[in-house]
Amino acid sequence: GVGVCVPGPVDVREGCVPHHTPGMPGWQGMSLSARLGTAFGVPCVVDNDANAMAFGEYMTLGTTAAERSLSSPLLFVKTSTGIGAGMVVDGAVLRGAEAGEGDLGHVRITSAEDGPSCVCGRRGCLAASASGRALARALQEQGIDAPDSRSVVELALAGREEATRLVRESGLMVGDVLATAVSLLNPAVLVLGGDLGLVHDHFVGALRERLYQRIQPQAARALRVVPSTLGDRAGIVGAALGILELVLSPASVDRALEERQLPAPAVP
């Protein structure tokens, strides 16, 4: 099988990007799963990158279903070039009605008149102020060489004052938005991934500070805020596990047996 994750909303049933996405021009409506399935002759699963990362993190938090259940619900937040989130409840990724789940980056945090412009075409989105792309742009405006999100992280880890200040401000802004999400969803685990999650002292520290200032004690009591254990591999692991879930599902096994005209296994 083939598992693929992409940085945009995905209709997992059709394996396509259902809507126009600024970061993926020209992909709307194209069935990537069908094309790859035909090209390779195997089943294909396509999912949003944050969803795949969330699933990968959840499945690696324990070796048994009972151990993983202690981490449900799990909320995963990726802060890199953009900002996105995925949630796993009882072993399944939480899906929205129109593939718009987890779109934290486009929560508006400032007024349309005053806020910076976002890649989505609006003003005042969280991603326009707090994403790695936004921080890189802010550093470039100060004459500092920072072409992308990872370069911002490298500057912050090296102790560059301008970068550490921006990264901390990003953590506070993301923490503000996450306080609402945590209060609404009451996850057991909040996993912080993406480039900025690597700057523990400044980004993660500021995010935790603002988050615990804003949420009620009952939401904070059992909440674990942890860094990603998979790092850059989270999406790859999640995509691989997603295709395994499909290929080894009872329906897929029964279908494969029917195609080979073999009897289905006896059920005790």
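Below, the figures for the structure above:
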{"item": "Of all residues in the range 147-199 being open to solvent by less than 30 Å² (accessible area, probe 1.4 Å), of a type in the set (S, T, N, Q) and in contact (Cβ under 8 Å) with a residue 40 or more places away in the chain, the one that is nearest to GLN213 (Cα to Cα)", "result": "SER170"}
{"item": "Count - residues of the range 205-238 that are out of contact with any Leu (no Cβ under 6 Å at 6 or more places or on another chain), open to solvent by less than 90 Å² (accessible area, probe 1.4 Å) and assigned to a helix (DSSP H, G or I)", "result": "12"}
{"item": "Residue check, GLY242 in a helix (DSSP H, G or I) and in contact with a Gly (Cβ under 6 Å, 6 or more places away or on another chain)", "result": "yes"}
{"item": "Unmet requirement for LEU172, which otherwise passes all of (1) of a type outside the set (S, T, N, Q); (2) closer than 23 Å to ARG68 by Cβ; (3) assigned to a helix (DSSP H, G or I)", "result": "(2)"}
{"item": "Residue check for GLY121: among the small types (Gly, Ala, Ser) and part of a loop (DSSP other than H, G, I, E, B)", "result": "yes"}
{"item": "Of the criteria (1) crowded, with 20+ Cβ neighbours inside 10 Å; (2) within 18 Å of the chain's Cα centre (by Cα); (3) touching a residue at least 40 places away in the same chain (Cβ under 8 Å), which one HIS202 fails", "result": "(2)"}
{"item": "Single unsatisfied condition, VAL182 versus (1) modelled with pLDDT of 95 or more; (2) in a loop (DSSP other than H, G, I, E, B)", "result": "(2)"}
{"item": "Cross-chain or 6+ apart pairs with Cβ under 7 Å, the range 131-146 first and assigned to a loop (DSSP other than H, G, I, E, B), then at pLDDT 95 or above and exposed (fewer than 15 other Cβ atoms within 10 Å of the Cβ)", "result": "ALA146/GLN140"}
{"item": "Any hit, the range 17-32, residues being under 23 Å from ALA234 (Cβ atoms) and β-branched (Val, Ile, Thr)", "result": "yes"}
{"item": "Selection within the range 60-112 - in a loop (DSSP other than H, G, I, E, B), under 21 Å from ALA136 (Cβ atoms) and free of Cβ contacts under 8 Å to residues at least 40 places away in the same chain", "result": "THR110"}
{"item": "Options GLY8, GLY3; residue that is of a type outside the set (A, V, I, L, M) and free of Cβ contacts under 8 Å to residues at least 60 places away in the same chain", "result": "GLY8"}
{"item": "Top-ranked residue in the range 30-67 [being of a type in the set (D, E, K, R) and open to solvent by 40 Å² or more (accessible area, probe 1.4 Å); ranked as nearest to ALA188 (Cα to Cα)]", "result": "GLU67"}
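Each row is one residue, and each column tells you yes or no for (1) over 20 Å from the mean Cα position of the chain (by Cα); (2) within 18 Å of GLY242 (Cβ to Cβ); (3) of a type in the set (Lys, Arg).
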| residue | (1), (2), (3) |
| --- | --- |
| VAL17 | no, yes, no |
| GLY29 | yes, no, no |
| LEU36 | yes, yes, no |
| ASP49 | no, yes, no |
| ALA52 | no, yes, no |
| GLU57 | no, yes, no |
| LEU61 | no, yes, no |
| GLY84 | no, yes, no |
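The values are calculated or read from the model by the stated rules, or taken from the named source; none is laboratory data. Here the structure is a predicted model, which means the values were calculated and not measured. So basically every Cβ, Gly included, is an ideal-geometry build from the backbone, and we count neighbours across all protein chains shown. These accessible areas exclude ligands, DNA and RNA; they are computed on the full protein's heavy atoms, side chains included. Shrake-Rupley method; radii C 1.70, N 1.55, O 1.52, S 1.80 Å.
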